[in-house]
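Working notes, structure below.
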Amino acid sequence: MNVDLTNVNCTVAVTGLKTGDNPQPGTPVIRCLRDAGFKGKIVALVYDALEAGIYVEDLADEIYLMPFPSGGSEVFLRRLDYILSKVKIDVIIPTLDSEIINYIRLEDKLTDRGIKFFLPTEEQFLARDKTKLNRLFEELGISVPKSIFCSDAQELYNIVSIITFPFFIKGRLYEAYEVYTLDDAFAVFAKLKAKWGLPIIVQEKVIGDEFNVALLGDGEGGMLGMIPQRKIIITDKGKGFGGVVVENPELTEFAKKVISNLKWRGPAELEVIQNSAGQIFVIEINPRFPAWIRLSAGAGQNLPAMSLMKALDMPVEPIDTYATGTIFIRHSEDIISHISKFGTISSLGELHNKEGK
């Protein structure tokens, strides 16, 4: 069973069209909507004129540059109001961790502008923050790798007596690196501090099989759908570039327990590891669809399409079956375009591929 958007006529804005070795989820989210038969207008909201998805034919109808989330709500709303003077937006599907809290906090103002979305509450979003995950889930009896939050590089001298090498050093929002020596640890600490600020997270390495679960929570403790996949190709940054949908009853029950406790609403990705004893650890909870989300459509649960329906207050029946053995393998390709497109979006901040659609 999959989702049919053939008769859904609206304009959807999607963020995050960067691809590469650490791709953003926007491009596969748009492809999922098109896979479901969506024929409405797609508006891409981007932060960089070189996001590759801008130049993919038949992806977005209109593209607009946005100010970075750190610019604040006033700048964001001013830009959004300009965009709304050009095109009516009915639903926004944000796909980047750093921007989602802004959308959540501006829900009333966006509603006043006729824009809907299906996202977690602020309380839910903050509960899954990497700096809080350890304490929260230990209280709930959910396993989390030993983690220490570090605000001074000198603390690493003491940490190595608590967490043995190799371990991971993570930025608060993005990026994680496995380190094997103190020199490595100091170098990564400095890099992540400069890029994402403090605290830096030092996390023990759990040995086992890596799984990711893409899901859509109903906001009441249940799930409208979930797709578990086991990584079969992993980059040097730990990103999954290939995976297979698996049947793992323990993992399914684990995911249900996590979402039930959080009463999660909207998209999420659980990153977990199951050790040789069968114990499952939550590594991260990402508050959006993952970059591999098109696998959900291929396996029979088009989660982005279901998310759009929920944003539009349409009835959505939970789907609890999926096609195991479905795989995804990410590949690179050269996108051929013209420098005039880059010039247009760089200078004007917008690009219209299919005006009047």
For segment 256-290, what are the residues that are more than 17 Å from PRO25 (Cβ to Cβ) and among the basic types (Lys, Arg)?
LYS256, LYS257, LYS263, ARG265
Assuming LEU126 fulfils every condition listed in (1) surrounded by 19 or more Cβ atoms within 10 Å (Cβ to Cβ); (2) among the aliphatic types (A, V, I, L, M); (3) under 20 Å from GLY197 (Cβ atoms) apart from one, which condition is it?
(1)
For segment 11-20, give me each residue that is part of a loop (DSSP other than H, G, I, E, B) and surrounded by fewer than 24 Cβ atoms within 10 Å (Cβ to Cβ).
LYS18, THR19, GLY20
Checklist (1) among the acidic types (Asp, Glu); (2) without any contact (Cβ under 8 Å) to a residue 40 or more places away in the chain; (3) within 27 Å of HIS331 (Cβ to Cβ) applied to GLU250, failing item
(3)
If you check ILE83, ILE42, which single one turns out to be out of contact with any helix residue (DSSP H, G or I) (no Cβ under 9 Å at 6 or more places or on another chain), farther than 25 Å from TRP196 by Cα, of a type in the set (A, V, I, L, M, F, W, C) and surrounded by 17 or more Cβ atoms within 10 Å (Cβ to Cβ)?
ILE83
Selection within segment 242-281 - more than 17 Å from ASP129 (Cβ to Cβ) and among the acidic types (Asp, Glu)
GLU247, GLU250, GLU253
Single unsatisfied condition, VAL56 versus (1) touching a Pro at 6+ places or on another chain (Cβ under 9 Å); (2) buried (at least 17 other Cβ atoms within 10 Å of the Cβ); (3) among the β-branched types (Val, Ile, Thr):
(1)
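Here is a yes/no grid of residues against (1) surrounded by fewer than 16 Cβ atoms within 10 Å (Cβ to Cβ); (2) in the same structural domain as VAL258 (by TED's automatic domain parsing); (3) farther than 23 Å from PHE165 by Cα:
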site: PHE186; (1), (2), (3): no, no, no
site: LYS193; (1), (2), (3): no, no, no
site: ALA214; (1), (2), (3): no, yes, yes
site: ASP218; (1), (2), (3): no, yes, yes
site: GLY222; (1), (2), (3): yes, yes, yes
site: PRO228; (1), (2), (3): no, yes, yes
site: LYS239; (1), (2), (3): no, yes, no
Filtering segment 235-264 down to residues that are part of a strand (DSSP E or B) and in contact with a Phe, Trp or Tyr (Cβ under 7 Å, 6 or more places away or on another chain) yields GLY240, GLY242, GLY243, VAL245
Which condition breaks for ALA49 when tested against (1) part of a loop (DSSP other than H, G, I, E, B); (2) farther than 20 Å from LEU348 by Cβ?
(2)
Counted residues, segment 21-37 - those being in a loop (DSSP other than H, G, I, E, B) and free of Cβ contacts under 8 Å to residues at least 40 places away in the same chain:
1
Out of VAL29, VAL8, VAL3, report the one residue that is under 15 Å from the mean Cα position of the chain (by Cα) and surrounded by 20 or more Cβ atoms within 10 Å (Cβ to Cβ).
VAL29
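The values are calculated or read from the model by the stated rules, or taken from the named source; none is laboratory data. All figures in this text were calculated on a predicted structure; none of them were measured in a lab. Please note: Cβ atoms are built from the backbone with ideal geometry, for glycine as well, and neighbour counts cover all protein chains shown.
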